[in-house]
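Data block below; observations after.
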Amino acid sequence: MNSYLVRWDIDLDACDPVDAARKALAIQRDPRSWATVFTVHGEHQGGHQVATVDLDPEGLDPSGNGAPRVELAG
């Protein structure tokens, strides 16, 4: 088992940091949300690896169970 840091970023307008966090959480938890792209940091073969993972690159299945697209950084 490996350890990963997974990030999901979103730009949105809000009144304050708490309002921004609540809006982001609502988007994450919405089963119809298309927020399916993550930046994943982890160790691979002795070095640090960063990957962008799109769990729904075709925009067809927001559940994330479709065929993902993985792009390795650098």
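The values are calculated or read from the model by the stated rules, or taken from the named source; none is laboratory data. Just so it is clear, the structure is predicted and the values come from calculations on it, not from any experiment. So basically every Cβ, Gly included, is an ideal-geometry build from the backbone, and we count neighbours across all protein chains shown. Keep in mind that these areas ignore ligands, DNA and RNA; they rest on the heavy atoms of the full protein, side chains included. Shrake-Rupley method; radii C 1.70, N 1.55, O 1.52, S 1.80 Å.
Overview of results
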| read-out | value |
| --- | --- |
| Mean Cα-pair separation over length for the chain, i.e. relative contact order, pairs under 8 Å, 6 or more apart, % | 26 |
| Ellipticity estimate at 222 nm from DSSP helix runs (n ≥ 4, -39,500 (n - 2.57)) divided over the chain, nearest 500 | -5500 deg cm²/dmol |
| Among (i) 35, 32, 28; (ii) 43, 29, 24; (iii) 54, 25, 13, the entry derived from the coordinates for Cα extents along the principal axes in Å | (ii) |
| Spin-label model distance (nm) - V6 vs N65, 7 Å beyond Cα toward Cβ | 1.6 |
| Residues R29 and E58, FRET efficiency given R0 of 25 Å [Cβ-Cβ distance, rounded to 0.05] | 0.65 |
| With every protein chain in place, the chain: carbon and sulfur % of accessible area (1.4 Å) | 52 |
| J(HN,Hα) series, segment 52-69, from Karplus relation 6.51 cos²θ - 1.76 cosθ + 1.60, nearest Hz, glycine and proline x | 9, 10, 9, 7, 8, x, 8, x, 10, 9, x, 5, x, 8, x, 7, x, 10 |
| Inter-part distance where segment 1-20 and segment 44-71 are each reduced to a Cα centre, Å | 17 |
| Heavy-atom accessible area per residue - the chain, 1.4 Å, Å² | 79 |
| For segment 17-30, 3J(HN,Hα) per residue [Karplus equation, 6.51 cos²θ - 1.76 cosθ + 1.60, θ = phi - 60°, Hz, x = Gly/Pro] | x, 5, 4, 5, 5, 5, 5, 5, 4, 4, 5, 4, 7, 6 |
| Estimated FRET transfer efficiency when R0 is 30 angstrom, pair Q49-D16 (beta carbons, to 0.05) | 0.25 |
